[in-house]
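Here the structure is laid out as C-alpha cells; the discussion comes afterwards.
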Amino acid sequence: MVYNDYDLNVGERIELEVEEDNGVKTTYISQVYNVLDQDHIVVAGPIKKGKIVLLSVGQPLGVIYYRSDGCYRFSAKITQRLKMDKDVYIYTIEAMGPRERIQRRNYYRLGIVLPVQFRKITESDDKNQFALHKAYTLDISGGGMRITVPKRIPIKERDLLQCHILLDDDVKLEVRGIVVRIAGANNDSDTNEIGVEFQDISNQVRDKLISFIFKQQLKFLQKGLK
C-alpha cells in the first residue's frame, strides 16, 4: 500500500480503531507523527482519561480519517512501539489494505459543554411555529449530540429540532436533528438528557464540527485530561 494513496499528512489527526479482548471496538484519537515510506507511518500513542493506552506490536487496527467528501478507513498493524519519554509513546504502523469510504454514524464523541439554542420544527420547516429554547451540550460528535433540557419543555422522541450550536465566539453552526433518545424522565432531576441525531448535515458543516472536535481533543491530550 502507498500512503500517498490515502493522502495523509504529518500532523493530521486520525482515529485508531482497536478491538479489545472482549470483542468491543474502541476508537482513540491519534496524530500522524511521521511518514517513513510508502508502506509505513508513525503515529502518536493514544491517551485516555490521563492514562497511556499501550498497544502491542503486531496488533491489528483500523485507521480512520476524514475528508470533505466523507469518512475513510483502512486496515493496518503495529510493527514497532517506541517510548519517547516518560509519558509519550509512538507507533510505527503498516498499511494492510486499501482505503474504503465508510458510512459512519458513530463518530468520536467529545464530552464538552457548549451553548445551544433550539426550536422544534415541522417537516414543512416552519421554524417560527414553536418557541426558541436554550440548552447545553453534554457531548457532541460529527453525527449528533446529547443535550440537557429542562423537563418543562415538551419534547418527545422523533421530534425534529433546528439547532444553533456556538462552538466559539466566531463559529456558530446551524444543524437539523431528530430526537432519538430521552433519558432522565423518571428521576428527581429537573432536566432531561436528549439524544439528537443530525439530519441532512452538509459536508461543510460536518467538517467544521469535526475540525473543532479534533482541536479540542488535542488540547485535552496536551493537558493530560483525556
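When N34 is tested against (1) within 18 Å of the chain's Cα centre (by Cα); (2) within 20 Å of D87 (Cα to Cα), just one condition goes unmet, and that condition is (1).
Here is the figure for the range 11-35: residues that are of a type in the set (S, T, Y) and without any contact (Cβ under 8 Å) to a residue 40 or more places away in the chain total 3. Scanning the range 85-132 for residues that are more than 21 Å from the chain's Cα centre (by Cα), at pLDDT below 85 and in a strand (DSSP E or B) returns D85, V88.
All of V196, V180, V175 fail the test of being aliphatic (A, V, I, L, M), farther than 25 Å from I47 by Cβ and open to solvent by 50 Å² or more (accessible area, probe 1.4 Å), apart from V180.
When each of V57, V2 is tested for being open to solvent by 30 Å² or more (accessible area, probe 1.4 Å), among the hydrophobic types (A, V, I, L, M, F, W, C) and modelled with pLDDT of 90 or more, the lone residue that passes is V57. Counting only strands (runs of 3 or more DSSP E) that sit wholly inside the range 134-221, those with at least 2 residues that are among the acidic types (D, E) and modelled with pLDDT of 85 or more are 191-199.
The values are calculated or read from the model by the stated rules, or taken from the named source; none is laboratory data. Predicted, not measured: the structure shown is a model, and the values here were computed from it. Cβ sites come from the backbone with ideal geometry, for glycine too, and all protein chains shown count toward neighbours. Ligands, DNA and RNA are stripped out before the accessible areas are found, and what is left, the full protein with its side chains, is counted by its heavy atoms. Shrake-Rupley method; radii C 1.70, N 1.55, O 1.52, S 1.80 Å.
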